[in-house]
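Report on the following structure.
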Amino acid sequence: MTKGSDLLVAALENEGVDRIFGVPGEENLDVVESIRRSSIELVLTRHEQSAAFMAATHGRLTGRPGVCITTLGPGALNLTTGAAYANLGAMPMVMLTGQKGILSSRQARFQIVDVISAFKPLTKMSRQIVSGAMIPTLVRDAFRIAMEERPGPVLLELPEDIAGEEAEAKPMVPPHPVEIPVAHPASLDRAAAMILEARRPLIMLGAAASRPRSTSGLAEFVLRTRIPYFTTQMGKGTVPGGSSLYMGTAALSERDYVHEAIDRADLIIAIGHDTIEKPPFIMGPKGPQVIHVSYTPANVETVYFPHAEVIGDVGPSLVALANRLEGRLPNAGALLPLRENILGRIADRATEDRFPPTPQRIVHDVRQVMPSDGIVALDNGMYKIWFARNYRTYVANTLLLDNALATMGAGLPSAMMASMLYPERRVMAVCGDGGFMMNSQEMETAVRLRLNLVVLILDDSAYGMIRWKQAVDEFPDFGLTFGNPDFVKYAEAYGAKGTRVTRTEDFVPVLEAAFKAGGVHIVAVPVDYSENVRVLVDELRAKVPAAAEVEPV
């Protein structure tokens with residue numbers, strides 16, 4: 001007998017799904033049995049939020065939706081943060097939730113929440129499946145919607161009676177590739193004319209530039225035009241950071257060293273900018289002209305209002321634009337004289353030996369142990385700004401950070417997903433103690449899955465980013481400190497390994513040893529966050545822009 005749940009799982013296999021993450025419940029038991037008899041692996045997590053973070057990261061890294069499953073009510077609602085994470089971060093994901101029977105209910109309204117309505121603001125589509133016959137087409141549509149620009153999450157709710165009832169076998173709908181049109185020639189001509197007239201052009205690479213499909217055409221555009229570039233936090237790695245054209249990353253909205261170039265540019269080519277990110281620069285009436293190049297039109301904001309747009313498949317569109325520009329840009333490198341000073345100032349104190357180590361030293365040492373294709377997955381905290389500013393990337397999607405929802409708790413699950421997808425590469429989760437403890441129970445999942453993963457915990461016994469902001473705003477130090485477990489014993493309790501760093505010079509050897517040993521390893525290190533105020537507040541307020549090398553705007 002074919003059941004509704006069998007049709008659902010067959011439709012998922014038809015989409016190439018090989019793993020489903022989550023915590024099923026009573027209302028999913030038919031689906032769980034259908035998964036057991038399928039080619040799909042059920043990856044049991046210890047919290048539904050983590051399952052959503054893992055599924056979203058799968059979408060981020062592969063361009064294909066990750067899939068997660070929960071029961072009804074409380075389980076489904078635990079996906080909300082992950083849904084928002086995928087929605088703001090443009091990560092394709094399919095969420096499968098259970099529900100009580102809709103044809104009849106013997107439990108009245110026990111545990112029933114209107115999940116469909118709850119998720120509509122957080123998803124691209126939220127639908128209940130009301131008959132087995134509609135499953136193949138609805139699943140195909142869900143995956144198509146999740147992947148098309150702008151990518152994001154969708155939710156399908158399968159009531160237990162529809163999952164368990166006998167259903168007529170239905171043919172699956174075959175997936176087919178969907179090509180995105182290249183930008184219109186008129187928009188390419190308009191953009192080319194603006195770039196040819198620019199005296200101090202600059203490229204910005206944003207979140208959408210990191211789509212797996214984008215990176216080759218994007219790198220070609222930069223190398224053929226020779227225009228220097230900077231990145232947003234989520235645009236890091238889209239063009240190799242070792243390029244002599246890299247000017248830095250806008251970890252702050254203004255006044256950082258990279259803004260010395262931004263403020264002098266008369267034209268910024270914003271490739272893949274998505275205004276879900278904290279503004280990498282703030283447009284004003286006297287600022288540069290901006291060309292928006294992306295898959296979708298710009299969201300016009302008070303801080304971002306482009307003067308021209310090139311909309312289409314980013315990679316091929318940029319190749320077509322480069323064809324109009326190559327060899328015709330005598331001013332392409334006008335801002336490059338600023339590069340040495342910008343990158344030099346960012347690297348300041350990166351090898352300082354004090355203990356606890358500074359954020360600059362931590363970033364420097366992590367870069368030493370990570371190969372060019374190694375993946376660092378950041379949770380959300382003060383260290384994210386330091387990694388965004390100071391960590392050089394050489395391969396796309398090797399620094400996974402969230403500058404959209406900017407939620408805590410995603411670092412460990414994201415790193416676990418990366419380790420599952422790329423078991424041959426070094427993967428590190430970097431978490432503050434606060435963010436780590438929000439989903440630290442997934443250490444058990446990581447050990448059970450036999451992942452190779454280093455979890456770096458920066459220990460300051462506080463919600464450090466908010467405490468920094470509290471100090472900057474001159475509020476009293478209140479309400480943001482806490483105690484921590486012994487992280488070495490905590491790791492061992494899960495069957496992992498743990499090390500606490502007690503000398504700065506031991507940091508690199510400890511990380512190297514953890515990677516070479518394999519398995520799951522926690523490395524806990526205290527961090528000296530006094531640099532937050534010294535550099536990110538006092539130094540940046542006092543700095544004088546280096547204007548001498550470049551003609552002023």
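Surrounded by 20 or more Cβ atoms within 10 Å (Cβ to Cβ), of a type outside the set (Val, Ile, Thr) and free of Cβ contacts under 8 Å to residues at least 40 places away in the same chain: does that describe GLY464?
No, not satisfied.
Put simply, of ALA396, ALA429, ALA513 the only residue that is within 28 Å of LEU122 (Cβ to Cβ), of a type outside the set (Ser, Thr, Tyr) and either in the same structural domain as ALA90 (by TED's automatic domain parsing) or modelled with pLDDT of 95 or more (or both) is ALA429.
Can you confirm whether TYR383 is in a loop (DSSP other than H, G, I, E, B) and not assigned by TED's automatic domain parsing to the domain that holds ALA83? When the stated conditions are applied, TYR383 does not pass them. Has region 276-283 got any residue that is in contact with a strand residue (DSSP E or B) (Cβ under 8 Å, 6 or more places away or on another chain) and not in a loop (DSSP other than H, G, I, E, B)? No. Here the strands (runs of 3 or more DSSP E) wholly within region 146-246 that include at least 1 residues being in the same structural domain as TYR257 (by TED's automatic domain parsing) and under 20 Å from the mean Cα position of the chain (by Cα) are 201-205, 229-231. Checked against the criterion of being of a type in the set (Val, Ile, Thr), more than 14 Å from THR232 (Cβ to Cβ) and without any contact (Cβ under 8 Å) to a residue 24 or more places away in the chain, the candidates VAL300, VAL314 yield just one match: VAL300. Taking the conditions (1) of a type outside the set (A, V, I, L, M); (2) surrounded by fewer than 24 Cβ atoms within 10 Å (Cβ to Cβ); (3) at pLDDT 90 or above; (4) not in a helix (DSSP H, G or I) in turn, GLU340 satisfies each one other than (4). State which residue is modelled with the lowest pLDDT when the search covers only region 455-483 and only residues that are of a type in the set (Gly, Ala, Ser) and part of a helix (DSSP H, G or I). Result: ALA471. Against the test of being over 22 Å from the mean Cα position of the chain (by Cα), modelled with pLDDT of 95 or more and not assigned by TED's automatic domain parsing to the domain that holds LYS384, the options ALA270, ALA322 yield a single qualifying residue, ALA322. When ALA418 is tested against the conditions (1) surrounded by fewer than 24 Cβ atoms within 10 Å (Cβ to Cβ); (2) hydrophobic (A, V, I, L, M, F, W, C); (3) out of contact with any Gly (no Cβ under 7 Å at 6 or more places or on another chain), the lone failure is (1). Do we find that VAL293 is modelled with pLDDT of 95 or more, closer than 30 Å to ARG426 by Cβ and surrounded by 18 or more Cβ atoms within 10 Å (Cβ to Cβ) in this structure? It is false that VAL293 is modelled with pLDDT of 95 or more, closer than 30 Å to ARG426 by Cβ and surrounded by 18 or more Cβ atoms within 10 Å (Cβ to Cβ). When ALA396 is tested against (1) farther than 30 Å from GLU197 by Cα; (2) aliphatic (A, V, I, L, M); (3) part of a loop (DSSP other than H, G, I, E, B); (4) more than 18 Å from the chain's Cα centre (by Cα), only condition (4) is not met.
Kindly indicate whether ARG500 is within 26 Å of THR351 (Cβ to Cβ), in the same structural domain as HIS364 (by TED's automatic domain parsing), without any contact (Cβ under 8 Å) to a residue 60 or more places away in the chain and of a type in the set (D, E, K, R). Judged against the criteria, ARG500 is a match. Summed over region 298-323, the residues that are surrounded by 18 or more Cβ atoms within 10 Å (Cβ to Cβ) and among the polar types (S, T, N, Q) give a count of 1. Residues in region 526-537 that are over 13 Å from ARG354 (Cα atoms) and either in contact with a strand residue (DSSP E or B) (Cβ under 8 Å, 6 or more places away or on another chain) or polar (S, T, N, Q) (or both): 1 in all.
Annotation note: of GLU157, GLU168, GLU179, GLU149, the sole residue that is in contact (Cβ under 8 Å) with a residue 60 or more places away in the chain and either surrounded by 20 or more Cβ atoms within 10 Å (Cβ to Cβ) or of a type in the set (Val, Ile, Thr) (or both) is GLU157.
VAL488: under 25 Å from the mean Cα position of the chain (by Cα), assigned by TED's automatic domain parsing to the domain that holds ASN403 and modelled with pLDDT of 95 or more, yes or no? Considered against the rule, which asks whether it is under 25 Å from the mean Cα position of the chain (by Cα), assigned by TED's automatic domain parsing to the domain that holds ASN403 and modelled with pLDDT of 95 or more, VAL488 comes out as no. When we screen ALA298, ALA270, ALA251 for residues that are of a type in the set (Gly, Ala, Ser) and part of a strand (DSSP E or B), the only hit is ALA270.
The values are calculated or read from the model by the stated rules, or taken from the named source; none is laboratory data. The shown structure was predicted, so the numbers you read here are calculated from the model rather than taken from an experiment. FYI the Cβ positions are ideal-geometry reconstructions off the backbone, even for glycines, and counts take in every protein chain you see.
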